1. What order do TYR378, TYR468 take when sorted by accessible area (1.4 Å probe), most exposed first?
2. Suppose the Debye formula is applied to equal point scatterers at every Cα of the chain; what is log10 I(q)/I(0) at q = 0.06, 0.07, 0.08 Å⁻¹?
3. Quick one: Debye curve from the C-alpha atoms of the stretch 264-405, no solvent, what's log10 I(q)/I(0) at q = 0.10, 0.15 Å⁻¹?
4. Below 8 Å between Cα atoms, with a sequence gap of 6+, how large is the relative contact order for the stretch 274-404 in percent?
5. At a 1.4 Å probe radius, which order do ARG451, ARG127 fall into by accessible area, largest first?
6. Just the number, please: Stokes-Einstein D of the stretch 376-429 in µm²/s, Kirkwood Rh from C-alpha pairs, 4 °C, 1.567 mPa s.
7. So what J values fall out for the stretch 150-166 if you push phi through Karplus, 6.51 cos²θ - 1.76 cosθ + 1.60 with θ = phi - 60°, rounded to Hz, Gly and Pro as x?
8. Over the C-alpha atoms of the stretch 228-293, what are the Rg and the largest Cα-to-Cα span, Dmax, in Å?
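The values are calculated or read from the model by the stated rules, or taken from the named source; none is laboratory data. Predicted model, so just to flag it, every value in this text is computed and none were measured. Note that we place each Cβ from the backbone using ideal geometry, even for glycine, and neighbour counts take in every protein chain shown. For accessibility, only protein heavy atoms count, side chains too; no ligands or nucleic acids. Shrake-Rupley method; radii C 1.70, N 1.55, O 1.52, S 1.80 Å.
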Amino acid sequence: MSLGISAVLGVVNMLSSWPLLSVIIFLPLIGVLFLMLIRGDEQVVAANSRQVALWVSSFAFLLSLFLLWGFDPVATGYQFEEKAEWIAGSCITYHLGIDGISMPFILLSTFLTPLAILASWQAITHRVREYMIAFLVLEVMMVGMFASLDMLMFYLFFEGVLIPMFLIIGVWGGAERVYAAFKFFLFTLLGSVLMLVCMLYMYHVVGTTNIIALSGYDFLPAVQFWLFIGFFASFAVKVPMWPVHTWLPDAHVQAPTAGSMILAGVLLKMGGYGFLRFSLPMFPDASEYFAPFIFVLSVIAVIYTSLVALAQSDMKKLIAYSSVAHMGFVTIGIFSLNEQGIAGAMFQMISHGLVSAALFFCVGVVYDRLHTREIGAYGGVVDAMPRYASFFMFMMLASVGLPGTSGFVGEMLVLVGAWQASYWVAIFAATGLVLGACYMLWLYRRVVFGRAEKPEILELAPLNNREYVIFVPLTILVLWFGVYPSSLLDIMQGTVLDLLEISGAGTATQTALR
């Protein structure tokens with residue numbers, strides 16, 4: 001036993017001398033190179049492409065676990081920093097690092113990517129190599145964005161995500177895939193134009209693109225007002241907030257199952273992460289000024305999209321609208337500007353990343369068998385697939401915030417934080433919990449329960465080993481974070497307190513988040 005621990009510590013010490021973040025970010029590009037070199041007929045290329053993408057993404061996840069192993073939640077500032085001059089004679093640098101906010105998102109990205117590739121194992125049958133290349137490039141962009149400490153690097157990775165996801169939706173999506181892909185691309189790109197203008201202004205004023213230096217710079221209140229609006233235009237679309245959420249249901253419905261898993265699991269968190277990394281520390285006065293406005297938009301998102309979800313006949317579209325409602329909780333928590341609210345928003349984003357990915361996979365499992373997402377086409381699925389019904393039920397209950405699941409912890413912390421900011425916001429937001437239970441229970445009853453009168457339902461094949469490999473780890477993590485939330489809260493606690501101290505929105509006194 002001691003020899004095993006010594007071996008692990010030896011590996012950690014060896015990796016600590018590596019540029020570990022750079023290795024994790026760019027390792028998938030090595031996989032892309034291997035994919036481009038594969039030769040043979042179409043079936044051989046497809047089979048080998050799946051294997052290469054799975055092994056490379058799995059290895060990237062294993063490497064990211066060393067970030068967790070070596071991360072010190074008590075230490076202040078950024079860890080695993082890497083810094084080098086990028087453009088000679090300029091203040092723009094290649095600068096990477098992680099803290100208690102970014103590290104959970106990196107782990108979420110590297111964890112979901114191999115699961116998404118597994119979800120595509122049989123569903124994607126044409127241009128498999130190109131599909132796997134798109135997913136590996138997408139992983140590079142996601143991890144690079146969360147690890148960037150240079151504003152220009154952040155922007156490049158932030159916008160770079162659009163290209164592979166645009167292709168995943170537009171090439172391998174459903175019948176209306178081109179429309180959905182262009183709508184997704186235009187909404188998210190146009191929102192980022194104002195952010196780029198604001199970044200150029202900030203570089204002109206401060207003389208650096210270093211995120212750490214910019215977080216410590218005291219912009220004038222009037223300047224903060226306009227800079228906040230510019231960044232808000234981009235992050236609000238990415239969340240997405242009401243009323244700029246309309247691209248999301250179309251994108252989810254048309255995207256392949258794996259695309260929806262990553263879109264809901266990671267890409268929707270980019271906006272929330274942007275608020276935490278830029279808006280709160282760099283524009284604290286503007287964040288406080290606009291908080292009531294954001295509360296209004298968030299409450300509308302929670303209530304309105306929940307009601308819209310109740311009217312859906314497509315399973316994917318229902319879950320897509322539920323994602324908008326859940327992300328409304330996130331923005332409420334962030335702009336509560338207190339410890340419980342921000343920690344709850346962070347926890348909710350990680351929880352939603354796991355639960356929403358699992359729910360979209362639940363849809364994908366039955367879609368691969370019956371090739372329809374219409375709720376009315378199902379009924380009595382429990383008779384043919386009882387274990388699938390169990391996984392689906394657990395994730396459905398986690399989505400509505402059942403105690404003992406990760407969904408409960410995030411939502412309760414957000415409501416506590418919202419109550420401190422405005423009890424009216426907390427009351428209206430809490431109605432989302434009731435509405436969420438309504439539409440998810442309605443979905444589950446229509447699909448799973450009842451009598452299996454249709455012959456195709458009775459002939460549904462049970463879950464296979466590949467599907468178990470996807471469901472089981474997602475279930476374990478959702479249950480683990482629900483029963484032992486401090487395992488995640490302890491990681492982010494120090495950074496949340498530092499963020500509140502920098503933004504001046506709270507105190508740096510230690511309080512329990514358990």
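1. Largest accessible area first, the list is TYR468, TYR378.
2. Normalising to I(0) and taking log10 leaves -0.26, -0.36, -0.47.
3. -0.40, -0.79
4. 21 percent
5. Ranked list, largest accessible area first: ARG451, ARG127.
6. The estimated diffusion coefficient comes to 98 µm²/s.
7. After applying 6.51 cos²θ - 1.76 cosθ + 1.60, I find 10, 4, 5, 4, 4, 5, 4, 5, 4, 7, x, 4, 4, 5, x, 5, 4 Hz.
8. Rg, Dmax (Cα atoms, Å): 13.4, 42.
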